[in-house]
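Note sheet for the following structure.
The values are calculated or read from the model by the stated rules, or taken from the named source; none is laboratory data. Computed from a predicted structure; not experimentally measured. Positions of Cβ are generated from backbone atoms using ideal geometry, with glycine treated the same way; all protein chains shown enter the neighbour counts. Note: accessible area is taken over every heavy atom of the protein model, side chains too, but ligands, DNA and RNA are not part of it. Shrake-Rupley method; radii C 1.70, N 1.55, O 1.52, S 1.80 Å.
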Amino acid sequence: MKELTVSIFYNQEEWHILNTAFIIPLLDSLDKGNDNLQFNILLNSLNGSNVKLILLLPDDDFEDCKHLIDSKLRFFLSHNPSAPVSLSFPLKGFFMDFPNNTYWYNIYYQGSALWFNTMNDNNFKKIHACLSRTILNTLSNERIDNESIFTFSLYLQIGIVRAGSNNLKEAKKLVSGMLSCFDQKEEKRMIDSELAEDQLKNLYSRNESILAEIFKDVWNRPCSADLAWLENWINTCSVTIKENISGCKTSYNLLKAINDHLETSLSTSLVTLKLVNMALQKM
């Protein structure tokens, strides 16, 4: 099997079009000749707004699959160009953004290792696969902005807490343990300095209603039919947590998996987890 990464530079507000009109049909085409196609979707803004599609393809079909991707991408981008993206300063890196409505192969890797080779734990392969399918299923119906990604990440994070606990008492204990994993990291002091406690309280006040709504959606199992993706996410996380010795550490690593797919930072995860903790304390 060979890994292929294609980064598609496309206006973030129109990623839902990219998902529905290109990525989902492409995966359907590839899956017909490749049972149990393995792929991952990562949202990215490094060097421009882009969606990174990582595929694991059979050696014998690799060139044919790449040719298919080329032809479908050229057709899609020529017929569905996204709106120009205005530059925002300061830039996230030293280099200028890649042109919008273009695609590039293998320009990003997780360190020096190929993406699939970094996942030795089979359960975490399932976690990343679940996240990728969830992104396609939930972020394909409307325009995507930072607020919708933030809300989506909250659902995923609270879903992890629900997967690792049977009641609110266990949930509070789990979140406390997850926060302690941050305590063991050298970057904690830097992260904490970015958001004073009074600022955190103000942030919680502004998001209290949405947190309460999300907790209601997540905690009432099984989830409603329109949240089938959430039920699947909780079940997948539950298996992973139960099959590892440390539930808190595993749950912390699940947060990092969300970071990989949504390009959220460790500091953002800490802040949102503290908001979740504050919500739990009021329940």
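See the values below:
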{"quantity": "Residue count for the stretch 39-58, restricted to those that are over 16 Å from the mean Cα position of the chain (by Cα), closer than 21 Å to Glu263 by Cα and open to solvent by 10 Å² or more (accessible area, probe 1.4 Å)", "calculated": "1"}
{"quantity": "Test result for Phe22, of a type in the set (A, V, I, L, M, F, W, C), open to solvent by less than 50 Å² (accessible area, probe 1.4 Å), touching a Phe, Trp or Tyr at 6+ places or on another chain (Cβ under 6 Å) and assigned to a helix (DSSP H, G or I)", "calculated": "yes"}
{"quantity": "Residue selected from the stretch 147-163 under the condition over 13 Å from the mean Cα position of the chain (by Cα) and open to solvent by 30 Å² or more (accessible area, probe 1.4 Å), by the criterion nearest to Lys282 (Cα to Cα)", "calculated": "Arg162"}
{"quantity": "Any hit, the stretch 169-191, residues being of a type in the set (Gly, Ala, Ser), open to solvent by less than 40 Å² (accessible area, probe 1.4 Å), closer than 23 Å to Thr20 by Cβ and modelled with pLDDT of 90 or more", "calculated": "no"}
{"quantity": "Filter result for Asn232 (among the polar types (S, T, N, Q), in contact with a Ser or Thr (Cβ under 8 Å, 6 or more places away or on another chain) and either within 13 Å of Leu156 (Cβ to Cβ) or open to solvent by 70 Å² or more (accessible area, probe 1.4 Å) (or both))", "calculated": "yes"}
{"quantity": "Residues (without any contact (Cβ under 8 Å) to a residue 40 or more places away in the chain, part of a helix (DSSP H, G or I) and under 21 Å from Leu280 (Cβ atoms)) located in the stretch 219-230", "calculated": "Leu227"}
{"quantity": "In the stretch 251-270, the residues that are over 12 Å from His128 (Cβ atoms), in contact with a Cys (Cβ under 9 Å, 6 or more places away or on another chain) and not hydrophobic (A, V, I, L, M, F, W, C)", "calculated": "Ser251, Tyr252"}
{"quantity": "Residue in the stretch 250-268 that is within 23 Å of Lys201 (Cα to Cα), within 17 Å of the chain's Cα centre (by Cα) and not in a helix (DSSP H, G or I) present", "calculated": "yes"}
{"quantity": "Contacts under 9 angstrom Cβ, first residue in the stretch 265-281 being within 17 Å of Leu254 (Cα to Cα), partner among the hydroxyl-bearing types (Ser, Thr, Tyr) and open to solvent by 40 Å² or more (accessible area, probe 1.4 Å), 6 or more apart", "calculated": "Asn277/Ser176"}
